[in-house]
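Have a look at the structure below before the remarks.
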Amino acid sequence: MTTELQRDLADIVRVSRELGGDPSLVLHGGGNTSIKTTGIDVTGAPVDLVLVKGSGWDLGTIEAPGFAPLRRDRLAELLSLAELDDVTMVNEMRQASLDAAAPTASIEALLHAYLPGKAVLHSHANAIVALTNSGLSDAEIVSVLGERVLVLPYIMPGFPLARLIADSDVSGVDAVVLRNHGLFTFADAADTALSRHRELVALADTHLGVSTWGNPGGTAPASGTVTELATLRRDVSRAAGTPMLVRQTRSARGAEFAARPGVAELTRRGTATPEHVIHTKRTPMIGRDVEAYAAEYRAYFERHAARVNPAVSPLHPAPRVVLDPELGLLVTGATTKELKIAGDIALHTLDVIDAADAIGTYGSLSEADSFDIEYWTLEQLKLAGKQAKPLGGEVAVVTGAASGIGRAIAELLLAQGAAVVGIDLNAAVTTLSDSDSWRGVTGDVSAPETIEAAVETAVREFGGVDMVVVAAGIFPPSQALAELDDEVWDRAFRVNVTAVARLFRAVHPVLALAPNGGRVVLVSTKNVAAPGPGVAAYSASKTAAAQLARVAALEWAADGIRVNQVEPDAVFDTAIWTPELLAARAANYGLSVEEYRTRNLLRTEVRSRTVAEAVVAFCERFPATTGAHLSVDGGNDRVI
Ligand code: ZN
């Protein structure tokens with residue numbers, strides 16, 4: 001690497017992160033940047049390069065390997081063609097790279113190579129798209145932004161846009177505004193291109209009278225019941241053909257917009273910038289009639305299907321953004337990442353609509369142009385590359401999730417793609433994971449308010465409850481029946497049985513709305529089948545819980561809910577089992593710690609993770625099994 005190349009690369013990484021770190025300019029993977037420099041090829045010859053942002057990298061977090069080093073002379077040759085289809089263009093861009101391992105460059109690479117100026121920055125700045133989407137004429141936009149700006153009409157990104165710019169006169173300008181799309185600035189230094197970008201955005205902000213974009217504006221009340229929200233999620237999932245998460249954003253700004261009369265007309269006019277259609281569809285759903293929205297989406301596909309290859313099938317017709325007068329702004333997605341993206345884009349779009357309407361009349365791409373982006377081969381390829389996880393789009397509630405078996409289950413459910421709400425007495429449950437798919441509720445699992453808080457959280461943050469895992473339980477100190485303490489007995493029943501009954505009662509209405517059928521797994525114990533002396537309170541309470549689960553299996557089969565039990569024994573890799581306690585118990589039986597740990601027929605150690613795998617198997621598989629018991633105890637001759 002030449003020192004020039006190293007310095008230029010460092011510059012463009014730094015400036016890209018500044019641009020990408022401002023959500024009013026760039027949201028979630030939007031925008032692209034480049035810098036022109038000189039490299040050395042394998043023969044030692046100097047080669048003119050343009051380092052272009054790689055597809056799949058986010059500008060806000062991009063690093064040096066995120067840029068593809070492309071040969072400028074080859075890109076110039078490609079741009080001299082009259083036409084170039086997307087797939088061929090991408091193939092050619094990959095071949096133009098000096099590094100075969102570099103990412104595929106942004107589809108705007110030809111444009112970056114062509115534009116004058118060492119550094120080129122492209123964003124979808126809200127203020128710029130609000131100006132162009134307000135219906136201002138080109139001359140009016142120039143009068144707001146100044147003479148050194150060229151305004152071009154909307155055209156499909158990629159090769160057509162690069163050709164349009166190549167055919168335009170860009171001498172004497174250092175910025176290009178693309179109507180209904182965004183802004184390019186270019187200069188002899190990355191920092192200069194960035195300050196020019198900010199200068200133009202500030203001029204637009206001033207003209208619009210807007211100072212902040214995408215502000216959620218405080219927390220709206222938790223409107224609607226959990227059953228109403230879970231019903232909406234079931235309908236969205238049915239339309240999508242797969243379980244979907246739904247989040248009530250609780251944005252006061254979203255709620256205000258959703259409650260406006262005429263909200264359907266306001267939002268029917270399309271996305272702020274073309275690429276948003278991938279994340280939000282062209283229009284939000286107004287109200288809750290998912291079937292009508294899906295029918296409208298199918299009709300839209302049919303109207304434009306002739307524009308795509310007949311082999312292309314329609315994307316799912318479920319909404320990604322919902323504006324409901326009572327429930328406010330809601331978003332849907334297969335993952336919590338998709339929820340976040342749709343939510344951010346929705347809030348920025350509402351502001352762009354209002355800003356454009358304030359100075360003119362908001363308008364966006366035509367439906368046909370929008371369709372071309374939504375069904376663009378390159379975008380479809382990106383979507384096809386995403387691998388869904390087995391429990392993606394589903395929601396689990398796990399009790400006793402802060403430690404031991406409960407924690408192992410919660411972590412495995414998260415790893416399998418589920419969104420998880422963990423309940424535990426220990427406040428550590430709130431920080432168990434920093435994933436947006438995790439929520440912790442601190443409280444006594446036998447307290448109705450704890451259970452209610454967990455169900456509320458699961459439904460408002462993720463849309464419903466598909467899986468309930470009862471892992472919370474207590475193992476009271478050993479006591480012979482003759483010395484049984486009332487307090488110990490009552491507490492064992494309260495936590496091990498009563499809490500489970502209350503949880504079952506509270507969660508049933510939403511569990512019955514699970515799109516793929518609800519699943520309940522009770523972490524039971526070997527003691528149900530094979531009790532031991534001195535553990536009356538534990539064995540009796542866990543047996544009552546097991547019976548409760550059997551009744552649930554009977555009562556809830558009609559709702560498609562499967563209720564199964566996992567029966568572990570002697571799981572020692574939990575917080576209760578300190579090395580000292582383990583040594584003491586082993587000595588009590590005259591065994592070594594190792595012998596004590598593996599005191600079962602298979603002579604194997606039963607780990608929390610192994611128990612979690614059995615629980616998750618009941619969640620993921622066995623669609624025809626309910627009321628089953630699965631031992632995870634290394635084999636026990638009293639049970640077999
Ligand atoms: Zn763009």
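K542: which aspartates and glutamates have alpha carbons under 15 Å from its alpha carbon, excluding same-chain residues fewer than 8 sequence positions away?
By straight Cα distance, K542 reaches D490, E567, D569.
Let's see if you can work this out: charge +1 on each Lys and Arg Cβ, -1 on each Asp and Glu Cβ, no other charges. What is the dipole magnitude of the chain about its Cα centre, in debye to the nearest 20?
Numbers: 56 positive and 77 negative charges, 267 e Å.
Roughly 1280 debye, rounded to the nearest 20.
Assign unit charges at the C-beta atoms only (+1 for Lys and Arg, -1 for Asp and Glu), then state the dipole size of the stretch 1-70 relative to its Cα centre in Debye, rounded to the nearest 20.
Numbers: 5 positive and 9 negative charges, 11 e Å.
Roughly 60 debye, rounded to the nearest 20.
In whole angstrom, how far apart do the alpha carbon centroids of the stretch 242-295 and the stretch 113-143 sit?
Their Cα centres are 26 Å away from one another.
Could you state the accessible area per residue of the chain in Å², with a 1.4 Å probe and every protein chain left in place?
Working: 26360 Å² over 640 residues.
Normalised by residue count, the accessible surface of the chain is 41 Å².
Just the number, please: Stokes-Einstein D of the stretch 153-297 in µm²/s, Kirkwood Rh from C-alpha pairs, 4 °C, 1.567 mPa s. Don't jump to the answer; show the numbers that get you there.
On the way: Rh = 19.1 Å.
Estimated via Stokes-Einstein, D reaches 68 µm²/s.
At 10 °C and a viscosity of 1.306 mPa s, what translational diffusion coefficient does Stokes-Einstein give for the stretch 410-557, taking Rh as the Kirkwood radius over Cα pairs? Give it in µm²/s as a whole number. Spell out each step's value before the answer.
Working: Rh = 16.2 Å.
Translational D for this selection: 98 µm²/s.
In whole angstrom, how far apart do the alpha carbon centroids of the stretch 455-501 and the stretch 65-99 sit?
62 Å
Please report the equivalent ellipsoid semi-axes of the stretch 83-176, computed as sqrt(5 x eigenvalue) of the Cα gyration tensor, largest first, in whole Å.
Numbers: eigenvalues 159, 39, 32 Å².
Those come to 28, 14, 13 Å.
Based on Cα coordinates alone, diagonalise the gyration tensor for the stretch 349-487, multiply each eigenvalue by 5, take square roots, and list the semi-axes in whole Å, largest first.
Values: eigenvalues 443, 76, 22 Å².
Computed over the stretch 349-487, the values are 47, 19, 11 Å.
Give me the aspartates and glutamates in straight-line cross-link reach of K118: C-alpha distance below 13 Å, same-chain residues under 8 apart excluded.
Output for K118: E4, D8, D11, D48, D174, D188, D191.
Project the alpha carbons of the stretch 267-380 onto their principal axes and report the range along each, largest first, in whole Å.
Over the stretch 267-380, Cα extents along the principal axes are 40, 31, 26 Å.
Under 15 Å from the Cβ of L145, count the other residues' Cβ atoms, weight Lys and Arg +1, Asp and Glu -1, and hand me the total. It would help to have the intermediate numbers written out before the result.
Numbers: positive: R148, R179, R196, R198; negative: D138, E140, E147, D174, E199, D205.
Spelling it out: positives minus negatives among the neighbours equals -2.
Consider a paramagnetic label point 7 Å from the Cα of R550 along Cα→Cβ; state which residues of the stretch 514-535 have an amide N under 13 Å from it.
Residues passing the 13 Å test: 528-530.
Return the carbon/sulfur percentage of the accessible area of the chain, one whole number, probe 1.4 Å, all protein chains in place. Don't jump to the answer; show the numbers that get you there.
Working: 14100 of 26360 Å².
Carbon and sulfur atoms account for 53 percent of the accessible area of the chain.
Could you tell me the distance between the Cα centroids of the stretch 186-200 and the stretch 507-578, to the nearest Å?
62 Å
Principal axis lengths of the chain from Cα atoms, whole Å, largest first?
97, 65, 45
For A587 and T625, compute 0.36 nm times the residue count separating them, minus their Cα-Cα distance, and round to one decimal in nm.
9.6 nm is the gain from fully extending A587 to T625.
Could you give the size of the charge dipole of the stretch 8-116 about its Cα centre, using +1 on the Cβ of each K and R and -1 on the Cβ of each D and E, expressed in debye and rounded to the nearest 20? Before the final figure, lay out the partial values.
On the way: 8 positive and 16 negative charges, 36 e Å.
My answer is approximately 180 debye.
Please give the calculated 222 nm ellipticity per residue for the chain, where each DSSP H segment of at least 4 residues contributes -39500 (n - 2.57) and the sum is spread over every residue; nearest 500 deg cm²/dmol? Don't jump to the answer; show the numbers that get you there.
Working: 24 runs with 262 residues, N = 640.
Rounded to the nearest 500, it is -12500 deg cm²/dmol.
The values are calculated or read from the model by the stated rules, or taken from the named source; none is laboratory data. Note that the structure is predicted; figures quoted are calculated from it, not measured. All Cβ positions, even for glycine, are placed from backbone atoms using ideal geometry, and neighbour counts span all protein chains on display. Remember, those area values only see protein heavy atoms, side chains included, never the ligands or the DNA or RNA. Shrake-Rupley method; radii C 1.70, N 1.55, O 1.52, S 1.80 Å.
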